[in-house]
Each structure stands twice: as structure tokens, then as C-alpha cells.
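Trainee: This is the structure I want to talk about, given as C-alpha cells.
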Amino acid sequence: MKRLMLTAATFVATLIAGQSALASDCPVDVEDPFDLTEAQIGEIYACIGDKMVTGYSKQGSEIAASYRNWTVSGTRPAVAGAHSNRLLLTFANDIAAEQYLKFEEEGVKMPVGSILAKESITISKKKKAARVGPLFIMTKLEDGASPDTGDWEYSGLQPNGKPMKFKQSFCHSCHVSWESQDALAYPLEEVRVSN
Ligand code: HEC
């Protein structure tokens, strides 16, 4: 009898574990993130949106705790191609928002203290699910603080809130393509919030 009860307890535990595993996944049935419809992206974001903030905030990052209160620059997450075909949505802090949301193409110089935080969602083909991707961050430093990166500091948080490790040049070598826009690439035109 004892044995039976144990088995039952194990069975229930397995069930609960199974359920929570399912609940933590946001199912997506497409091969290619570029094929996602607007409606599908809406469903994914409704499912995963809160988990993103919870994950990024796990290690106490101030940016993670506050970026959702900043100005959102897109009407929804979108796949631009760069950043590993993830769904991307960028938020601008109060210092950055006015200039960033102009999406200007020439002579842009972001004010010192500007922060752009871009959340990302990975579509796992294998798991047929949407997963939280990294939070990518750009912070504008004082004039002359980092001449090699246009005075930007690139950073990132993993979905578990831990800092990402990479060389500044890894990010800047691509972002420098938008030199006249102060290294900002901006969201896809069709999802830009009009200022
Ligand atoms: C291969 C090119 C490429 C690389 C490498 C790259 N990015 Fe980006 N990044 C882009 C593009 C393109 C966008 C705009 C796409 C979008 O957000 O829809 C962008 C947007 C951003 C934004 C939003 C601000 C903006 O530019 O409009 C942040 C923040 C950002 N990237 C951070 C990073 C960080 C941190 C790294 C390094 C870990 C990195 N990027 C590496 C191409 C790149």
C-alpha cells in the first residue's frame, strides 16, 4: 500500500511538472519566423510578455525592472533578420525617446544617458515554441568615453537575468553601418510608432 501511495504521489508530481513545463512554453507552429502573421505575433506576445520581464529581472537589473515603463518604439515585436531572426521590440528611456522616435537618418547624435533596451523572442523550430531571448542594451556614454564604439556601451541580459558576455566590437562592427544615425538601426518601418 505504501508503495502504491508513493507511486501515486510520483505520478501526480510528474503530472504537475508536465503541466508547468507546458505552461511555460508558448506554442508556435511555423518553420520560419518571417512567416509569422501579425495575429500570431500578438498571441506569442500575450503568452510570453510577462515571462520576459520576470526573467530579465532575476538578478536585480535596474534596466530590466524599468524598461517597460519607457517609450516603446514599435507597435509590436517584429522580425528584422539581424539579431538571429528573433522577434524584436525596442524601448527608449526618457533621455533617448524624443530623438530616437524621430528615426532620423542624418546627423543624429543621441544625448548622453540615452538607453535603448530591446527585448527579443526566439522562435524554436525544434520545440515549436517561442522562448524568451536576450535583452539587448545600448547606453550612450560621455563624449570621448569610448571612441571605438561611438561612445556607446553595448550590453545584454540573458533570459535568466545574467549579463551576456561579448566584445564591444561584436556589436559595434554591425551597428557602425548606421553611422549617420549614431549607430542606431531602428525598428522595421512598418512597425515604427509615429512620434
Ligand atoms: C549583424 C548586425 C547586428 C549585430 C551584430 C548587432 N546588432 Fe543590434 N541591431 C541590428 C539591427 C538591424 C537592429 C534594428 C532591428 C530592429 O530592432 O528591428 C538592431 C537594433 C539594436 C538595438 C535597438 C537600437 C537600434 O539600433 O535601433 C539595440 C539596443 C541593439 N541592437 C543592441 C545590440 C547589442 C548589445 C549587440 C551585441 C550583442 C548587437 N546589437 C549586435 C543589427 C545588429
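Trainee: Which of the cysteines in the chain are isolated, no other cysteine C-beta under 4.7 Å?
Mentor: When partners are defined as cysteine Cβ atoms under 4.7 Å apart, the chain leaves Cys171, Cys174 without one.
Trainee: Follow-up question, since we're still on this one. With point charges of +1 on the Cβ of Lys and Arg and -1 on the Cβ of Asp and Glu, referenced to the Cα centre of the chain, which listed residue (Leu141, Gly156, Gln168) lies farthest in the positive direction of the dipole?
Mentor: Gly156
Trainee: Compute the long axis of helix 2-24 from its Cα atoms, compare it with the longest principal axis of the Cα atoms of the chain, and write down the angle in degrees, 0 to 90, nearest 10.
Mentor: Result, in degrees: 20.
Trainee: If you rank Ser173, Ser57 by fewest surrounding Cβ atoms within 10 Å, what's the result?
Mentor: The order, fewest Cβ neighbours first, is Ser173, Ser57.
Trainee: Label-point separation (nm) for Glu43 and Asn69, each offset 7 Å from Cα along Cα-to-Cβ?
Mentor: Between Glu43 and Asn69, the simple spin-label model gives 3.4 nm.
Trainee: Please state the Cα pair-distance histogram of segment 26-185 with 5 angstrom bins from zero: what percent is in each bin?
Mentor: So the P(r) values, bin by bin, are 2, 9, 17, 22, 20, 16, 9, 4, 1, 0.
Trainee: Mean separation of Cα pairs under 8 Å and 6+ residues apart, divided by the residue count of segment 26-185: what relative contact order is that in percent?
Mentor: For segment 26-185, the relative contact order is 22 percent.
Trainee: Taking amide hydrogens as modeled 1.01 Å from N in the peptide plane, which residues meet the under 5 Å criterion relative to Ser146, leaving out close sequence neighbours?
Mentor: Long-range HN contacts for Ser146: Asp151.
Trainee: I've got another one for you. Exposure proxy check: Thr90, Thr54, Thr122 ranked by fewest other beta carbons within 10 Å?
Mentor: Neighbour counts put them in this order, fewest first: Thr54, Thr122, Thr90.
Trainee: Here's something else I'd like to know. Would you please give the residues with an amide H less than 5 Å from that of Ser114, counting only those at least 5 places away or on a separate chain, with H modeled from the backbone geometry?
Mentor: Amide H neighbours of Ser114: Lys140.
Trainee: How big is the charge dipole of the chain about its Cα centre, in debye rounded to the nearest 20, if each Lys and Arg gets +1 on its Cβ and each Asp and Glu gets -1 on its Cβ?
Mentor: Result for the chain is approximately 1480 debye, rounded to the nearest 20.
Trainee: Next question. What is the fewest-to-most order of Val79, Val112 by other Cβ atoms lying within 10 Å of their Cβ?
Mentor: Val112, Val79
Any read-out appearing in this document is the output of simple, stated calculations on the displayed coordinates, not a laboratory observation. Every value quoted in this text rests on a predicted model; they were computed, and no experiment measured them. Backbone-built Cβ (ideal geometry, glycine too); neighbour counts: all protein chains shown.
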